[in-house]
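In what follows, a structure is listed as structure tokens, so that the remarks can point back to it.
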Amino acid sequence: MGRRALLGVGGWLAAAVLTTIAVVWAVSLIGTDITGPAARPMTLEEVERALATASAVPSVGPPASAGPGSQALGFSYAEGSVTAACDAGRALLLSWTPAPGYGVDDVERGPARTASVVFESDDRKTTVSLTCRSGTPVATVRSAVEHDED
């Protein structure tokens with residue numbers, strides 16, 4: 001190998017090392033801002049505390065029009081929200097939206113004596129059942145913590 005080739009390879013290696021050092025230094029200055037704050041899993045105590053402080057009482061939204069002679073109500077929970085109405089005394093789910101971290105597992109839209117939606121996360125399953133009382137939707141919530149069977 002000639003002297004020029006050795007100088008070329010040496011120069012290329014020096015530039016690569018200096019570039020790597022500069023990139024590592026720049027990333028260390030940025031810190032976690034580039035990827036957001038560090039996330040860590042919650043401990044069992046933290047999960048139980050969060051579940052104990054979660055509100056089981058729904059917040060009822062303002063009435064919306066679902067058609068002549070019917071009243072629609074919105075119900076919001078930590079797991080998601082639903083809008084329901086009564087149709088000839090039977091419950092009808094108009095809409096449902098899971099909260100972040102939840103999905104919809106099962107929907108019985110109605111109109112039926114009971115309409116329902118199941119919101120599910122990795123470790124929690126919540127069923128919102130809707131019935132009609134005096135022409136007004138009434139929601140009942142049932143939650144359960146699911147355990148892995150590993």
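The values are calculated or read from the model by the stated rules, or taken from the named source; none is laboratory data. The shown structure was predicted, so the numbers you read here are calculated from the model rather than taken from an experiment. When we count neighbours, we look across all protein chains shown, and the Cβ atoms used for this are built from the backbone with ideal geometry, even at glycine. For accessibility, only protein heavy atoms count, side chains too; no ligands or nucleic acids. Shrake-Rupley method; radii C 1.70, N 1.55, O 1.52, S 1.80 Å.
For S95, the requirement of being in contact with a strand residue (DSSP E or B) (Cβ under 6 Å, 6 or more places away or on another chain), assigned to a strand (DSSP E or B) and open to solvent by 40 Å² or more (accessible area, probe 1.4 Å) is met.
Among the residues of the range 98-143, those identified as touching a Ser or Thr at 6+ places or on another chain (Cβ under 6 Å) and open to solvent by 30 Å² or more (accessible area, probe 1.4 Å) are G101, Y102, E108, T114, T131, V138, T140, R142, S143.
For the range 98-133, the set of residues classified as in a strand (DSSP E or B) and among the charged types (D, E, K, R) consists of D105, D106, E108, E120, R124, K125, R133, listed by residue number. Taking only pairs six or more apart or across chains, which ones have beta-carbon atoms under 8 Å, a first residue in the range 78-94 that is at pLDDT 90 or above, and a second residue that is acidic (D, E) and not in a loop (DSSP other than H, G, I, E, B)? Every condition considered, the pairs that remain are L93/E108.
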